[in-house]
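The values are calculated or read from the model by the stated rules, or taken from the named source; none is laboratory data. Keep in mind the model is a prediction, meaning the values are calculated, not measured. Cβ placement follows ideal geometry from the backbone for every residue including glycine, while neighbour counts extend to all protein chains displayed. Just the protein is used for accessible areas: all its heavy atoms, side chains included, with ligands, DNA and RNA removed. Shrake-Rupley method; radii C 1.70, N 1.55, O 1.52, S 1.80 Å.
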Amino acid sequence: LPALSRRYVLCEVVSEDPRCRQCIEDRALGLAVKDAIARVHGDYGLACCSISFAVKYLNAYTGTVLLRCRKDSYRLLCSALPFVRYLESRAQRYPCFLNTLHVGGTIRTCQKFLIQYNRTQLLRLLQNCTNEEERQCVQKSLLSCSLTEEQAQSEDEEEDDGTE
Amino acid sequence: RRELPDGGARPNAAQFKQLVVTALRDLHGEVGAALPVDVLTYEEKTLSAILRVISSGLVKLWSALTLLGFYQNRRCAFRVLQTSPFLLALSGNSRELVLD
């Protein structure tokens, strides 16, 4: 019996417009990605990737998105992601782009990567802090998330995201 | 060679190439439309042509032409008579040989 293998693509939505964060929702994002696949790879590509396509996880605060697709067509999906140029919701278009962070075989590997990535991002945010108040907030988040790692060996469900 | 049965105005060579590229774009998107396809010969009378494509692109080209159904709102069909890696082999078609 051939196993049903899937690939999970982790990406982040980057936008200069702060209103873009509001329309990070599964339907709008799914439509935008499918539209990009249809443009780049045509009817065949769209059908291929849509077989097991789903938006599994969304985080509007950090702009993190987890997409699922078949193992046979993840290359089509990944090559079409740079062609997503805007998100549309409520008849409004917000320009943005998608950064692919990680491709994994299971949700768990993507989650592990995301926890690690968020830690490094917090550190980077700390370095780029402009005023003291932000610095305090970020430091508090950092300390709380590194303490949790020492307390419990199993992975956390929540990652501490730096407040914007 | 491809054969394209039709009812009205016949496409010229440039329109034929446009038709092929459009078929590729419909089925395989921008990636398909960017596939380098050359029309080596084209006969407007018989509507047959010899196309050249890189061997890795044969499947995309053939599938796109098979699924192309319309030319200027008229039904049409592509029929592949022969494919070969050598141009010289296209001069004789073993399918047209008749048993005496």
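Things worth noting here:
- Residue ID - surrounded by the most Cβ atoms within 10 Å (Cβ to Cβ), chosen from residues in region A:1-46 that are over 30 Å from B:Leu27 (Cβ atoms) and acidic (Asp, Glu): A:Glu12
- Scanning region A:123-164 for residues that are assigned to a loop (DSSP other than H, G, I, E, B), open to solvent by 90 Å² or more (accessible area, probe 1.4 Å) and at pLDDT below 55 yields a count of 5.
- Unmet requirement for B:Glu43, which otherwise passes all of (1) closer than 30 Å to A:Pro82 by Cβ; (2) surrounded by 11 or more Cβ atoms within 10 Å (Cβ to Cβ): (1)
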